[in-house]
Structure formats: structure tokens, C-alpha cells
1. If you check B:Ala66 against the conditions, is it at the interface with chain A (Cβ under 7 Å from one of its Cβ atoms) and closer than 21 Å to A:Ala340 by Cα?
2. Say whether the condition of being assigned to a loop (DSSP other than H, G, I, E, B) and under 24 Å from A:Ser196 (Cα atoms) is met by at least one residue in segment A:147-166.
3. Checking the conditions here, which among A:Gly365, A:Gly324, A:Gly329 is farther than 30 Å from B:Pro63 by Cβ and either crowded, with 24+ Cβ neighbours inside 10 Å or away from chain B (no Cβ under 14 Å) (or both)?
4. Yes or no: segment A:32-39 includes at least one residue that is part of a helix (DSSP H, G or I), within 23 Å of the chain's Cα centre (by Cα) and surrounded by fewer than 17 Cβ atoms within 10 Å (Cβ to Cβ).
5. Six or more apart or on different chains, Cβ atoms under 7 Å: show the pairs whose first residue is in segment A:210-231 and outside the structural domain of A:Gly101 (by TED's automatic domain parsing) and closer than 15 Å to A:Asp162 by Cα and whose second is among the aromatic types (Phe, Trp, Tyr) and outside any helix (DSSP H, G or I).
6. Can you go through A:Glu81, A:Glu131, A:Glu145 and tell me which one is among the acidic types (Asp, Glu), crowded, with 21+ Cβ neighbours inside 10 Å, outside the structural domain of A:Met300 (by TED's automatic domain parsing) and in contact with a Lys or Arg (Cβ under 8 Å, 6 or more places away or on another chain)?
7. Please state which of the following conditions A:Asp273 fails to meet, knowing it meets all the rest: (1) assigned to a strand (DSSP E or B); (2) surrounded by fewer than 20 Cβ atoms within 10 Å (Cβ to Cβ); (3) charged (D, E, K, R).
8. Condition check: part of a helix (DSSP H, G or I), within 14 Å of chain B (Cβ to nearest Cβ) and touching a strand residue (DSSP E or B) at 6+ places or on another chain (Cβ under 9 Å). Does A:Met377 satisfy that?
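The values are calculated or read from the model by the stated rules, or taken from the named source; none is laboratory data. What you are looking at is a predicted structure, and each value in this text was computed from that prediction instead of being measured. Positions of Cβ are generated from backbone atoms using ideal geometry, with glycine treated the same way; all protein chains shown enter the neighbour counts.
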Amino acid sequence: MTDIAQTIDAANKEAVRRILSSEPVLIGVVRASEALPRLKAGTILHAGPPISWERMCGPMRGAVTGIAVFEGWASDLDDAERKAAAGAFTFEPNHHYDCVGPMTGMTTSSQMLMVVQNKTFGNLAYCAINEGLGKVMRFGGNDREVLDRIRWLTDVLGPALDAAIKDMGGIPLKAVIARGLTMGDEMHQRNVACSSLLLRQLAPALARTAKDNETLAKCLTFIGANDQFFLNVAMAMGKAMTDPARGIAGSSMVTAMCRNGTDFGIRVSGTGDQWFTAPVEMPKGLYFPGYSEADANPDMGDSAIVETIGLGGFAMGAAPAVVGFIGAGNASEAAVFTRAMGEICLADNPEWTIPSMDYKGVPTGIDIRLVVETGLMPTINTGVAHKKPGVGQVGAGVVKAPRGCFEQALVAFAATMGVKA
Amino acid sequence: MSKRDPVAGGATNANLKPSPAMMLLMTPVKVVNVGLKGFADELSAQGVPVQHVEWQPPASGDPKLAALLAKLGI
């Protein structure tokens, strides 16, 4: 092995060690303005790599106008659109603020954010509370019903969850994930087991701390009716686990993957916080009755952070039921996805295993060198948004990360190692 | 009786041993297909057992990227 190869090998071992030794704990729910002093009024954090208003897709624009009205920065959606076009708002990626957000991923100062602390390294990561299914802002929804729900999350559920989580002294998440994998979740498009496990832990504490029985009943009903409630917890966990692995000189491991509906972006440990972007692809999957690929928007969201830590499409072998839901083939082929992703990863996670694959650990730590060499692109399980603002989710599917991101990253990474072609 | 190529011409002499190529076609075919999946799909459609191996040239055949990978330990 050459000196360069040895350096990369050692750096990647350290990057993987930081992910695998992480101890993520859900410690509370906090208002964004308190948690993120840099996040000012008029700043809107979005999913994916940086993007201007002019290049935003329909659902992203729909969410931006909706959240601007919610925050009181615009009188109505038309006013919000005019102001956005006139440059009244500042747009930045969630990732620049220790945050992540699903699909459109709107994060603004008034919202309540779930907080995950990585106890091993002390860092914090944030994600808003999952809104449920149907017409929601993460899919570009922005009408009164959508805004009222976010208001309720902010005013009622967020504080109630915070009190319950603090009453419990925090909720360690690794064990929840380990159990969820044995119950058919992959934590991206299937979170029914983890959502139930979380609710089972939360319910007694919510009962102890809720202001009244009616509030308690509404909180329990909301969480219990949302199979994807745990997704946002898993995302904050993923961000908390990958952030300590950023900026390791010589590491070719991916530390973030995300999409904004226009571009797909990745970050690589050895190249710091530089984004490598390429046009995002269209998910391939199944559509709800009445919709087709003609209605679909290209892929969106910071949720691919779960694939970055070995879940989602990388843990498909644990979740045969999701293969059918997202139209990725036969349930018996679920393990094929996981094995393929193992070809581009540096390690298996011994704590997160898949029983039906003889307790193989989920493949962890994407190496850009292996992606470019094999041509196997990371597989991401995803929801599909309608391309028009305000319509919402129209299906679910699988999307591949675009090759261009990894090829650009490889060239830049090589330069950091003093290597040219 | 002249000997004829059993593969090319169809041997008539019963004492002639079939060539390895002919033997292959006289037994059920088992196929491993490497690369283009279309070949595997065609065989599957005809009921031929086929194991497909997803493969493409390293770095998608890009010599510059392949050279970089070689210098980066791959």
C-alpha cells in the first residue's frame, strides 16, 4: 500500500470510528431562535445544497411562501412570492446551521426543533417536528390548514414533547434504531415500528407532564396517527452522528447527502464543508391513484442523511415491506440493495443489524472512491412531491445519487492529497 | 467417410466425440451474465436460468478518473 493509500485508510478508519462510536440522544424540543442565535428573522433554511429563489422548484417555492406567511414576514402567499423574488429573504441550507429538514425542509426562527445530542462528542443537531402525511409543507403545501398545523406543532406539541423528553432525562436513540431494524423499518420510508416504539416510551412522560387531558389526547393522537413521526428524529440523529466526522484530512468518506429539488449535493470529510452538486434525478416508484411521473418533482430533502449513516435504502434488507411500497421490485430482492450498498461503504455497523441477512450490519461510511470505481450510486428511498406548489405528496420511490457529485468530489479530494490525474 | 466439424457441419459419424462447444449446447445451459442486463433479461424471458452480475468498467471507463483512483489506493 502506498503512503497516500495508508493515509486515506487511516483517516477513513477514524471517520467511521466517529460515526460508530456516536451516542445520539433525543434531549428536548427548542425554539429555533433560542437554539440557533445566527438564525435571524427573514432567513429561511431549506433542504439540500445552497440555492437561489430563481432556481427553486415549485414545491420549494410553495413552502417558502407558506413559511413566510406563517412567520408574519408576508401578508399572504402572493406577497411572500413578490418579496422572495425581490430578495427580501435570505436562503441558506439547513446543513449550515446544524439542522436538517425533510423534503422542502423549511426551518425558521419561530419553529420548534427537536434536539439530538451526540453524547460522545457533545455536538447538537436539530430537525423540525414531522407534520404527518397528506397536504403538508414539506411537500410544498402552504394553505391555512398547513399553517395551522405548524402553529399547533409550535405552540402545543413542541412544548409538550420537550417537557416529556426532559422528564425522561432524554431518549437514547441507538437502541430504538436497533429494535426498529428487527421490526421491518429502514427509517426513511418506513418508520412505523420506531414511531410506535418512541410513542411507547413517550406516553407515560407525556401523561405526567401534559397541561390537561385534552392536550395529552391530541398529542398522543397526532403521534399515533403518523407512521413517519420518527423520520425527523432519525434525521436529527443522522446529522448529530455525521457532523463529528467532518473535516478529517485524508478521509474520502461522505458526511452529507441532500437535495433541494433542483440539485443533489454531497460533502466529503476530507474536503471540509465544500458542496459538490449535480442535477438531482427523478425518483422511480409508485404513484398514488390519479397521479403519474408527469406530476412529479425531482427529488428533495435532507433526509438522505439517514442513508449517510447506513439506514434508508442502505438498510432495505431489513424492510422488505417498503420495497413494494416504493415500487423497487420484489420483497425478496430487498437484501440486494443492502449488499450493493455494502460495495461502496467502508464498514458494517455491528450495533445495527438485519436479522434476515444473518445479522449483517448496515453498510456505513460511503467512500467516494468506491462509488466512482464501481459506478454503484447510493440508493435513497424517498417520497415524491407534486411539481406544483401546494399539492403535496403524490408517491414514493427510489432515487439514485447522481454520478457527477462523486466525480467532482474525487477530483477535489485528490487535490487535497496532492494528487492529479 | 470424411470427418466434419461437429459444430459447424453437423457430424454424421456416431463414433465422433462431440466437441466441448457442442457438449455445452447438448446440456441445459446455465448462464452468468456480466454487465449489460439486457442479455440476462432476454434469456430469462426464454426460461433460461441466468445469474446477472452488475458490472461496469472501473470509473465508468474514464481513464482520467481511473488514474486518480489508482493513485488514491483503489
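1. no
2. Scanning segment A:147-166, I find no residue that is assigned to a loop (DSSP other than H, G, I, E, B) and under 24 Å from A:Ser196 (Cα atoms), so the answer is no.
3. A:Gly324
4. Yes, that holds for at least one residue.
5. Short answer, once both residue conditions are applied: none.
6. On inspection, the qualifying residue turns out to be A:Glu131.
7. Going through the list (1) assigned to a strand (DSSP E or B); (2) surrounded by fewer than 20 Cβ atoms within 10 Å (Cβ to Cβ); (3) charged (D, E, K, R), A:Asp273 breaks only (1).
8. In short, no.
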